[in-house]
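The values are calculated or read from the model by the stated rules, or taken from the named source; none is laboratory data. None of these values were measured; they are calculated from a predicted model. Note that we place each Cβ from the backbone using ideal geometry, even for glycine, and neighbour counts take in every protein chain shown. With ligands, DNA and RNA removed, areas are computed over all heavy atoms of the protein, side chains included. Shrake-Rupley method; radii C 1.70, N 1.55, O 1.52, S 1.80 Å.
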Amino acid sequence: MNALYELDSKIENSVYSYQQVKEVLEQEGYALGGAWDYDHGYFDYKLANDGGYHFLRIPFHSVRGEIEQDAAVIRIDKPYILTHRYQNEVDAYAESSVIQAAFNQFQNPVEKDADIPSNYIEKGKVVLQNLEVLLAQISN
(Lines give C-alpha, C1' and ligand atoms only; values in the text may rest on other atoms or scores of the structure.)
Protein backbone atom coordinates (compact mmCIF):
# COMPACT_ATOMS: atom_id res chain seq x y z
CA MET A 1 0.00 0.00 0.00
CA ASN A 2 1.30 3.44 -0.91
CA ALA A 3 -0.02 6.54 0.84
CA LEU A 4 0.80 10.21 1.10
CA TYR A 5 0.01 13.00 3.52
CA GLU A 6 0.47 16.53 2.17
CA LEU A 7 2.08 19.17 4.40
CA ASP A 8 1.67 22.94 4.26
CA SER A 9 5.02 24.67 4.09
CA LYS A 10 6.64 28.09 3.81
CA ILE A 11 8.96 26.72 1.12
CA GLU A 12 6.19 25.66 -1.26
CA ASN A 13 6.41 27.71 -4.48
CA SER A 14 9.78 29.17 -3.42
CA VAL A 15 12.44 29.44 -6.12
CA TYR A 16 16.08 28.52 -5.47
CA SER A 17 19.32 27.59 -7.16
CA TYR A 18 19.18 23.81 -7.56
CA GLN A 19 22.83 23.40 -6.57
CA GLN A 20 22.38 25.41 -3.35
CA VAL A 21 19.29 23.44 -2.32
CA LYS A 22 20.92 20.13 -3.15
CA GLU A 23 23.98 21.00 -1.06
CA VAL A 24 21.88 22.03 1.97
CA LEU A 25 19.57 19.03 1.76
CA GLU A 26 22.32 16.46 1.30
CA GLN A 27 24.08 17.83 4.39
CA GLU A 28 20.84 17.22 6.31
CA GLY A 29 20.52 13.61 5.14
CA TYR A 30 18.19 14.01 2.16
CA ALA A 31 18.82 12.07 -1.03
CA LEU A 32 17.80 12.87 -4.57
CA GLY A 33 15.07 10.33 -5.31
CA GLY A 34 15.70 7.86 -8.10
CA ALA A 35 12.67 9.05 -10.06
CA TRP A 36 14.16 12.43 -11.02
CA ASP A 37 14.13 13.68 -14.58
CA TYR A 38 15.67 16.68 -16.33
CA ASP A 39 12.78 18.97 -15.42
CA HIS A 40 11.61 17.67 -12.02
CA GLY A 41 12.58 15.49 -9.09
CA TYR A 42 12.27 14.73 -5.39
CA PHE A 43 14.46 15.03 -2.34
CA ASP A 44 13.65 12.28 0.16
CA TYR A 45 14.36 12.21 3.89
CA LYS A 46 13.94 8.77 5.47
CA LEU A 47 11.77 9.00 8.58
CA ALA A 48 11.65 5.26 9.34
CA ASN A 49 11.79 1.77 7.92
CA ASP A 50 9.56 -0.40 10.08
CA GLY A 51 7.04 -2.53 8.27
CA GLY A 52 7.38 -0.12 5.36
CA TYR A 53 9.21 2.95 4.15
CA HIS A 54 8.30 6.39 5.52
CA PHE A 55 9.78 9.48 3.86
CA LEU A 56 9.42 13.22 3.90
CA ARG A 57 9.42 14.02 0.18
CA ILE A 58 10.25 17.47 -1.18
CA PRO A 59 9.13 17.59 -4.82
CA PHE A 60 10.47 20.26 -7.17
CA HIS A 61 10.47 21.24 -10.81
CA SER A 62 12.85 23.25 -12.95
CA VAL A 63 11.98 26.81 -13.88
CA ARG A 64 15.30 27.37 -15.66
CA GLY A 65 17.79 24.83 -16.98
CA GLU A 66 17.97 21.09 -16.47
CA ILE A 67 18.39 19.39 -13.12
CA GLU A 68 22.06 18.80 -12.29
CA GLN A 69 23.22 21.78 -14.39
CA ASP A 70 25.14 24.44 -12.46
CA ALA A 71 22.72 27.23 -13.41
CA ALA A 72 19.48 25.27 -12.86
CA VAL A 73 16.76 27.05 -10.88
CA ILE A 74 13.95 25.10 -9.21
CA ARG A 75 10.57 25.77 -7.63
CA ILE A 76 9.61 23.69 -4.60
CA ASP A 77 6.24 21.94 -4.86
CA LYS A 78 3.99 20.78 -1.99
CA PRO A 79 5.95 18.57 0.44
CA TYR A 80 4.37 15.35 1.69
CA ILE A 81 4.95 12.27 3.79
CA LEU A 82 5.17 9.16 1.67
CA THR A 83 4.56 5.72 3.10
CA HIS A 84 4.84 2.35 1.46
CA ARG A 85 3.76 -0.64 3.50
CA TYR A 86 5.23 -4.00 2.62
CA GLN A 87 3.11 -6.49 0.72
CA ASN A 88 4.32 -10.07 0.95
CA GLU A 89 4.67 -11.09 -2.70
CA VAL A 90 5.60 -7.73 -4.18
CA ASP A 91 8.14 -6.77 -1.55
CA ALA A 92 9.73 -10.19 -1.33
CA TYR A 93 10.76 -9.60 -4.94
CA ALA A 94 11.70 -5.94 -4.37
CA GLU A 95 13.89 -6.78 -1.39
CA SER A 96 15.78 -9.35 -3.42
CA SER A 97 16.22 -6.82 -6.25
CA VAL A 98 18.12 -3.60 -6.37
CA ILE A 99 16.90 -1.10 -3.76
CA GLN A 100 15.93 1.18 -6.64
CA ALA A 101 12.98 -1.12 -7.32
CA ALA A 102 11.57 -0.18 -3.94
CA PHE A 103 11.96 3.55 -4.61
CA ASN A 104 10.25 3.25 -7.98
CA GLN A 105 7.14 1.96 -6.20
CA PHE A 106 6.79 5.48 -4.78
CA GLN A 107 6.21 7.25 -8.07
CA ASN A 108 2.41 7.21 -7.98
CA PRO A 109 1.00 6.90 -4.45
CA VAL A 110 -2.29 5.04 -4.53
CA GLU A 111 -4.05 6.26 -1.41
CA LYS A 112 -3.84 9.99 -0.81
CA ASP A 113 -4.27 10.92 2.86
CA ALA A 114 -4.46 7.26 3.84
CA ASP A 115 -3.74 6.08 7.34
CA ILE A 116 -0.17 7.19 8.08
CA PRO A 117 0.90 6.82 11.71
CA SER A 118 0.69 10.17 13.51
CA ASN A 119 4.23 9.86 14.88
CA TYR A 120 5.61 9.93 11.31
CA ILE A 121 3.44 12.91 10.43
CA GLU A 122 4.72 14.79 13.49
CA LYS A 123 8.33 13.82 12.82
CA GLY A 124 7.94 14.91 9.20
CA LYS A 125 6.56 18.29 10.30
CA VAL A 126 9.56 18.85 12.59
CA VAL A 127 12.04 17.87 9.87
CA LEU A 128 10.23 20.15 7.40
CA GLN A 129 10.29 23.09 9.84
CA ASN A 130 14.05 22.63 10.21
CA LEU A 131 14.39 22.62 6.43
CA GLU A 132 12.33 25.82 6.16
CA VAL A 133 14.80 27.56 8.49
CA LEU A 134 17.80 26.32 6.51
CA LEU A 135 16.36 27.31 3.14
CA ALA A 136 15.39 30.76 4.46
CA GLN A 137 19.13 31.40 4.68
CA ILE A 138 19.51 30.88 0.92
CA SER A 139 18.76 33.92 -1.18
CA ASN A 140 15.92 33.15 -3.56
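Within region 59-92, if we keep just the residues that are part of a loop (DSSP other than H, G, I, E, B) and open to solvent by less than 20 Å² (accessible area, probe 1.4 Å), the residue that is modelled with the lowest pLDDT turns out to be I67. Only one of the numbered conditions (1) assigned to a strand (DSSP E or B); (2) touching a Lys or Arg at 6+ places or on another chain (Cβ under 7 Å); (3) not small (G, A, S) is not met by F43, and that is (2). Within region 51-58, none of the residues are in contact with a strand residue (DSSP E or B) (Cβ under 7 Å, 6 or more places away or on another chain), under 15 Å from V126 (Cα atoms), part of a loop (DSSP other than H, G, I, E, B) and of a type outside the set (K, R).
The C-beta contact set for region 69-94 (first residue closer than 29 Å to E122 by Cα and among the acidic types (D, E), second residue surrounded by 13 or more Cβ atoms within 10 Å (Cβ to Cβ) and modelled with pLDDT of 95 or more, distance under 7 angstrom, 6+ apart or interchain) comprises D77/E12; D77/P59; D77/F60; D77/H61.
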